[in-house]
Amino acid sequence: MKTKTQEIKNTRTQGVERFLVTKPGKYEYEVMMDELNSEKELLGIVKAETEGDYEINLLSRHLVGKTKCRVEVKGIVSNGARVKVRGTVKIDEGAVESDSFLAMKLLMLDNKSMAVAEPELEILNNEVKASHSASVGRIDEEQLFYLETRGVSKSEAEKLIIKGFLGEVE
């Protein structure tokens, strides 16, 4: 995987690349699918807890066929942070039988912050499988209520919900 980064903490485990963004700035990640029959996965976490602009650009590009790529980014946004995640899956004309998935999920923790998730598919042939999902939301009040009725304080309940939300990609 080729990456262009600015203050991103990277780790690679069992063929999966991971990144963590904790400071405002512009970040770019590219996953180039250029080997026949290859599989790659990129998992990212954005913890935008400091005021400022966070711009994360993701590109998953299939140059050859029979490739499989999964990109998943989850983030929390608070304290006046402004987060914009753009993700593009591009499948070239000759990349037949490619399989690509892009997911971007952001959780807003206050009313001072802003979050945008913009997925995009550029598919130049018909023999592929490609999909994306994007969501921006807040902590579910019913989840908070449920935990509070079990004796968990509101602040601890929020921490548990955030941990569960991010835990899928950590």
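The values are calculated or read from the model by the stated rules, or taken from the named source; none is laboratory data. In this text, all values refer to a predicted model and were calculated from it rather than measured experimentally. Neighbour counts run over all protein chains shown; Cβ positions are idealised from the backbone, glycine included. We work out accessible area using only protein heavy atoms, side chains counted, and drop any ligands, DNA or RNA first. Shrake-Rupley method; radii C 1.70, N 1.55, O 1.52, S 1.80 Å.
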* To do: Tally the residues that are surrounded by 17 or more Cβ atoms within 10 Å (Cβ to Cβ) and either within 14 Å of LYS112 (Cβ to Cβ) or modelled with pLDDT under 95 (or both), restricting the search to the stretch 69-88.
  => 6
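For the subset of the stretch 39-56 comprising residues that are of a type outside the set (A, V, I, L, M, F, W, C) and in contact with a Leu (Cβ under 9 Å, 6 or more places away or on another chain), which member is surrounded by the fewest Cβ atoms within 10 Å (Cβ to Cβ)?
Per the criteria, the residue is GLU49.
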* Could you grab the pairs with beta carbons closer than 7 Å, sequence gap of 6+ or different chains, first residue in the stretch 121-148 and part of a helix (DSSP H, G or I), second one aliphatic (A, V, I, L, M) and crowded, with 16+ Cβ neighbours inside 10 Å? => GLN143/ILE161; LEU144/ALA157; LEU147/ALA157; GLU148/ALA157
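Here is a list: LEU59, LEU63, LEU36. Which entry is open to solvent by 60 Å² or more (accessible area, probe 1.4 Å), among the hydrophobic types (A, V, I, L, M, F, W, C) and modelled with pLDDT of 95 or more?
Details: LEU59 fails: open to solvent by 60 Å² or more (accessible area, probe 1.4 Å); LEU36 fails: modelled with pLDDT of 95 or more.
It is LEU63.
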* What residue, among those in the stretch 108-121 that are open to solvent by 50 Å² or more (accessible area, probe 1.4 Å) and closer than 30 Å to GLU49 by Cβ, is nearest to the chain's Cα centre (by Cα)? -> GLU118
* To do: Inspect all residues belonging to the stretch 89-102 and state whether any of them is open to solvent by 10 Å² or more (accessible area, probe 1.4 Å), within 22 Å of ILE139 (Cα to Cα) and in a strand (DSSP E or B).
  => no
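Output the residues belonging to the stretch 122-170 that are more than 30 Å from GLU93 (Cβ to Cβ) and either basic (Lys, Arg) or open to solvent by 100 Å² or more (accessible area, probe 1.4 Å) (or both).
So the first thing to find is which residues in the stretch 122-170 are more than 30 Å from GLU93 (Cβ to Cβ), and the list is 135-170.
Passing the criteria: ARG138, GLU141, GLU142, PHE145, TYR146, ARG150, LYS154, LYS159, LYS163, GLU168, GLU170.
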